[in-house]
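The values are calculated or read from the model by the stated rules, or taken from the named source; none is laboratory data. Since the structure is predicted, the reported quantities are computational estimates derived from the model, not experimental observations. Counting neighbours? That spans all protein chains shown, and the Cβs are built from the backbone with ideal geometry, glycine included.
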Amino acid sequence: MNISKTPIRLIDLWQYNDDSNFPIIIASLKGKFKLDSVSAKVWEMINGQNTIEFIINEIAKVYNEVDKQLIHNDICDLINKFSKDNLIILNYDSLFPNINYDILNLEFNND
């Protein structure tokens, strides 16, 4: 995964939850997603300004006892899952915010 990409949340239907094991719940067309504490921290940082590299480094600072390569792999897997579930735009560009049609898994015919 290209960690210089800048993801942004596509779904804004989410809320903080009182359950400390799953502090954030996201509602989408694909169902309800309960995020654990690490996934919740990643979700909060996906804002169209932070790169994946920045997110990895911030999580690594919090969990400095964990191998950074493991953190890198886990965060990339999580962000890929968010993308496949249409919860985020993987590479947001504020200059061209409407260019990312591919995130919705739409196919266009050029007939």
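When Ile46 is evaluated against the numbered criteria (1) among the β-branched types (Val, Ile, Thr); (2) surrounded by fewer than 19 Cβ atoms within 10 Å (Cβ to Cβ); (3) in contact with a strand residue (DSSP E or B) (Cβ under 6 Å, 6 or more places away or on another chain), which criterion, by number, is the only one it fails?
Failing condition for Ile46: (2).
Please list, ordered by first then second residue, the pairs with beta carbon atoms under 7 Å, 6 or more apart or interchain, first in region 84-95 and within 19 Å of Ser28 (Cα to Cα), second of a type in the set (Lys, Arg) and in a loop (DSSP other than H, G, I, E, B).
The qualifying pairs are Asp85/Lys30; Asn86/Lys30; Leu90/Lys5.
It is to be established whether one or more residues within region 57-64 are in a loop (DSSP other than H, G, I, E, B), over 18 Å from Ser4 (Cα atoms) and modelled with pLDDT under 90.
No.
Could you check, for region 56-72, whether at least one of its residues is surrounded by 15 or more Cβ atoms within 10 Å (Cβ to Cβ), closer than 14 Å to Ile88 by Cβ and under 12 Å from the mean Cα position of the chain (by Cα)?
The answer is no; no qualifying residue exists.
Filtering region 4-25 down to residues that are β-branched (Val, Ile, Thr) and over 15 Å from Ile89 (Cβ atoms), which residue is surrounded by the fewest Cβ atoms within 10 Å (Cβ to Cβ)?
Looking at the filtered set, the residue picked out is Ile25.
Output the residues belonging to region 12-51 that are touching an Asp or Glu at 6+ places or on another chain (Cβ under 9 Å) and hydroxyl-bearing (Ser, Thr, Tyr).
Result: Ser28, single match.
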